[in-house]
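Read through the structure below, which is laid out as C-alpha cells, and then see the notes.
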Amino acid sequence: MTPIQEPSFRESVDIMFNRAVALMDLPPGLEEKIRVCNATYTVRFGVRLRGQIQTFTGYRSVHSEHMEPVKGGIRYSMGVNQDEVEALAALMTYKCALVEAPFGGSKGGLCIDPREYDEHELELITRRFAYELVKRDLIHPSQNVPAPDMGTGEREMAWIADQYARMNTTDINSKACVTGKPLNAGGIAGRVEATGRGVQYALQEFFRYPEDIAKAGLDGTLDGKRVVVQGLGNVGFHAAKFLSEEDGSKIVAVIERDGGIYDPNGINIEELRAWLAKHGGVKGYPHGQYAEDGSTLLEVECDILIPAALEGVINLGNAAQIQAPLIIEAANGPVTAGADEILREKGCVIIPDMYANAGGVTVSYFEWVKNLSHIRFGRMQRRQEEARHQLVVDELEELAASTGNGWKLSPGFKDKYLKGAGELELVRSGLDDTMRIAYQSMRAVWHNRDDVTDLRTAAYLVAIDKVASSYRAKGL
Ligand code: GLU
C-alpha cells in the first residue's frame, strides 16, 4: 500500500516535471502553461442492466493541445478518478513529444470493474460512454483519438469506432477516431503487442551502450539477465515473452493480483499466461515457488525489474528494499516521486515510463496514419521490392555459375532477401527506429549535462523542450 505521506499520482508527475523544468530556461509562465491540465470532462450516465439503471462515472482529460488530435488510452478500472486521468494525460503529452508522435496528451477512464460484467453488458456501457464523448468531440479523428489501456482492448475499440461511425455517417475518416482496433475493423498489424515490443526495443537499445550498462552496475547483454515482471497483462506478458524467447533473458519472477511465482531457473511465460487465463490467478501454478504476497518479489535479487501494471507500486514503503539495479517502467507511473529519489540515490538506473511504454502510442500513430491514408502499409511497394531483389539474386547466381569455382549464396540468404516487407515488418521497423532515436535523444542529455544525473529528468527535458517549441511556433 502507498504510505499516506506520498503525494497523489498527479502531484508525483508534477514533482518530476518541476525537477526537470528547474534546469531549463523557459519564458516566464510557459512552464505553468505546459504543466497544467487544460480540461477534464466528467460524465455520469445510466445504463439499464439486469432490470435496473446503473450509473457509471467516466472521464476524458485533455492535458495539452499544442498538437491535435490529442491522444491517450481509455482505462476501465475501479481505481479511475480525476487525479489519475490527469496524471496519465500529462504523461501522454510528454510521451508523444519524446517519441515524436504528433499528438497532444489525453487520457480517459471509466470507474468500473470489467470482470463484473458480461460481454453484452460491456458493449452497452462502452457504447454509451463513447456516445457521451463523441457528442462533445472528445472522440474525433482530428481532435481526440483514444486507444486501449488497462482493462480495455481491441474489442472495446471496435465498439467505440462503430459508435463514432453511426453518429458520423458521412465522415470518410471515421476509422481514425480511435486506435488499437482489431485488424478486420481498421487496426494495424503489431498493435496488440506494441507496448511490450517497445519495452524490448528500449532494453535492446540500452544494452547497445556499455557506458549506460555500467551506470547500472551491469555488464554484457540481455542474454542471461534475471528479470522480474510485475503484471502479466498485455504489456508485461509481451515484454516478458519477447525478452525470454528472443533475447535469452530469464524471467525469474512474475507478480500478479493474487500473488507471485518465483523460479530462479526461469519461468515459461506462455505456460504461465495460459494458466492465468484458465484459473484467473497464478496460485497453484505447478512450477516455481508461490508467494501469496507478490509484492515481496519486487524486492528479490535480479538484474532488471519491469513494473508493468499499476502506478505507485514502488513507493516510499518499499523503494529502499528494491535490489534491481535497472528498472524499466512498462506501466505508467509505477515509481512515485519519493521512491524515485531513494532509488536514484542508491544508483539504480530507471528507464522512465514516458519512454519505456511509448511503443503503444507509436504504433497507434501508424494505425491512425493508415486509417487516414486508407491503405495498408507495404501494399504499393512490397512486390516491386521483391522483383528488384530477384534481379540482384539472379545476377549473383549467374555470376557464381560463370566463375565455376563453386561459390554459392549462403543458405537462407535468398529466402530472407527476397521477402519484401509487409505491414508487420514495417511496423516493427518503424517502432524500433522510434525507440532507438528517442533513447539517443535522452541519453545525449544524460551524458552531456552535468546537472542531469538520471534518464527521467533527461526525458522530461527533451519532451518539454519539444512542447515549448510547439508553443513558440504558435506564437504563444
Ligand atoms: N494507453 C497507452 C498508453 O498509455 C496507449 C495510448 C495510445 O495508443 O494512444 O500509452
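Throughout, read-outs are computed from the coordinates displayed, never taken from laboratory work. Bear in mind the structure is a predicted one, so any value in this text is a computation, not a measurement. Glycine also receives a Cβ, built like all others from the backbone with ideal geometry; neighbour counts cover every protein chain displayed.
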With the contact rule set at Cα under 8 Å and sequence spacing of 6 or more, what percent relative contact order holds for the stretch 236-327? 26
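Based on the Cβ-Cβ distance of residue 453 and residue 271, what FRET efficiency does E = 1/(1 + (r/R0)^6) give at R0 = 35 Å, to the nearest 0.05?
The formula returns an efficiency of 0.30 here.
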Fewest-first ordering of 246, 121 by Cβ atoms within 10 Å yields 246, 121
Long-range amide H partners of residue 147 with built H, under 5 Å: 72, 73, 74, 179
In whole percent, what relative contact order does the chain give with Cα contacts below 8 Å and a gap of six or more residues? 16
Placing +1 on the Cβ of each Lys and Arg and -1 on the Cβ of each Asp and Glu in the stretch 51-186, which of 108, 52, 173 has its Cα farthest towards the positive end of the resulting dipole? 173
Per the Cα gyration tensor, the stretch 174-285 corresponds to an equivalent ellipsoid with semi-axes, largest first in Å, of 26, 22, 10
Proxy reagent accessibility, fewest Cβ within 10 Å first, across 13, 392: 392, 13
Net charge of Cβ neighbours under 13 Å - reference residue 54; Lys, Arg +1; Asp, Glu -1: +1
Given Cβ charges of +1 for Lys and Arg and -1 for Asp and Glu, the option among 313, 378, 331 whose Cα lies farthest towards the positive end of the dipole of the stretch 270-379 is 378
Which three numbers, in whole Å and largest first, are the semi-axes of the equivalent ellipsoid of the stretch 141-238 derived from its Cα gyration tensor as √(5λ)? 38, 14, 10
What helices does the chain hold that run 30 Å or longer along their axis, going by alpha-carbon atoms, with a Kyte-Doolittle average of 1.0 or more, using DSSP H for the helix calls? none
Charge sum, other residues only, whose C-beta stays under 15 Å from residue 33's C-beta, Lys/Arg counted +1 and Asp/Glu -1: -1
Sorted from fewest to most neighbouring beta carbons within 10 Å, what does the list 25, 465 look like? 25, 465
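Within the stretch 196-259, list the chymotrypsin sites (Phe, Trp or Tyr not before Pro) lying in a DSSP loop whose Cβ has at most 12 other Cβ atoms in a 10 Å radius.
In loop regions of the stretch 196-259 (DSSP not H, G, I, E or B), there are no sparsely surrounded chymotrypsin sites (Phe, Trp or Tyr not before Pro).
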Row for the chain, column shape: gyration tensor on C-alpha, a ≥ b ≥ c, rounded if a/c < 1.5 i.e. under 1.5, prolate if a/b over b/c, else oblate; value rounded
Under a no-solvent Debye model with one identical scatterer per Cα of the stretch 266-391, what's log10 I(q)/I(0) at q = 0.12, 0.14, 0.20 Å⁻¹? -0.68, -0.79, -1.13
What FRET efficiency comes out for residue 137 versus residue 405 if R0 is 56 angstrom and r is the Cβ-Cβ distance? Round to the nearest 0.05. 0.20
Let me spell out the model: positive unit charges on the Cβ of Lys and Arg, negative unit charges on the Cβ of Asp and Glu, origin at the Cα centre of the stretch 118-229. What dipole size does that give, in debye rounded to 20? 180
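Using just the alpha carbons, could you tell me how many Å³ per residue the convex hull of the stretch 307-346 encloses?
Numbers: hull volume 2.3 nm³, N = 40.
Once divided by residue count, the hull of the stretch 307-346 is 57 Å³.
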With a cut-off of 8 Å between alpha carbons and a minimum separation of six or more residues, what is the relative contact order of the stretch 157-258 in percent? 22
Summed over the other residues with a beta carbon less than 12 angstrom from that of residue 394, with K and R at +1 and D and E at -1, the charge totals -1
Restricting to bridges with both residues inside the chain, how much of the DSSP beta-bridge set is antiparallel, in percent to the nearest 5? 50
What is the Å³ per residue value for the convex hull set by the Cα atoms of the stretch 1-82? 145
